[in-house]
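Enquirer: I am attaching a structure below and will ask some questions about it afterwards.
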Amino acid sequence: MALVNLAGANISRRTTSPEFKVGTPTFDDSNRSWVYVKASEAVATGTCTVDASFNLTDAAGTYTADVAFASGEYGWVRKTTSPL
């Protein structure tokens, strides 16, 4: 699956410095909504929470991490509930 309109974006990549502005939204080629976040703690794969400042936590919520995050890492999570 590819993210639309963001050159170099990769949903599986985790970095320790930002590659995009935290909070950047996009869609993938299946029309699913994604947002760029920073993990404020270690986050396993599965449902997670994104706060208003786009900090990611491992609490069950309305987003899904398809790849785990270490604390302080940046990456993409997808919106798994409506509204998008």
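Bear in mind these aren't lab numbers, they're just calculated from the coordinates by the rules spelled out. Note that the structure is a prediction, hence the values are computed from the model and not measured. Heads up, the Cβs are rebuilt from the backbone with ideal geometry, glycines too, and the neighbour counts pull from every protein chain shown.
Enquirer: Can you give the charge dipole size of the chain about its Cα centre, rounded to the nearest 20 debye, using +1 on the beta carbon of Lys and Arg and -1 on the beta carbon of Asp and Glu?
Expert: Once rounded to the nearest 20, the dipole reads 120 debye.
Enquirer: Okay, moving on. Take every Cα pair under 8 Å in the chain that's 6+ residues apart, average their separations, divide by the length, and report that relative contact order as a whole percent.
Expert: 31
Enquirer: Next question. Could you compute the net charge surrounding ASP51? Neighbours are other residues with a C-beta less than 15 Å from the C-beta of ASP51; K and R count +1, D and E count -1.
Expert: Spelling it out: positives minus negatives among the neighbours equals 0.
Enquirer: Note the listed values [x] 3, 17, 31, 28, 16, 4, 0; [y] 2, 8, 11, 14, 14, 12, 10, 14, 10, 4, 1; [z] 3, 10, 11, 9, 16, 17, 13, 9, 7, 3, 1, 0, then indicate which one is P(r) over Cα pairs in 5 Å bins from 0, in percent calculated from this particular structure.
Expert: [x]
Enquirer: Once the piece of chain linking SER33 and ASN10 is laid out straight, how much longer is it, given 0.36 nm per residue of separation minus the C-alpha distance between them?
Expert: Answer, rounded to one decimal: 6.9 nm.
Enquirer: Using a Gaussian network model on the chain with a 10 Å cutoff between Cα atoms, which of SER53, SER33, SER71 fluctuates the most?
Expert: Ranking SER53, SER33, SER71 by mean-square fluctuation puts SER53 first.
Enquirer: On a full-extension model of 0.36 nm per residue, what is the gain between THR64 and THR80, subtracting their alpha-carbon distance, rounded to one decimal in nm?
Expert: Between THR64 and THR80, full extension yields 5.1 nm more.
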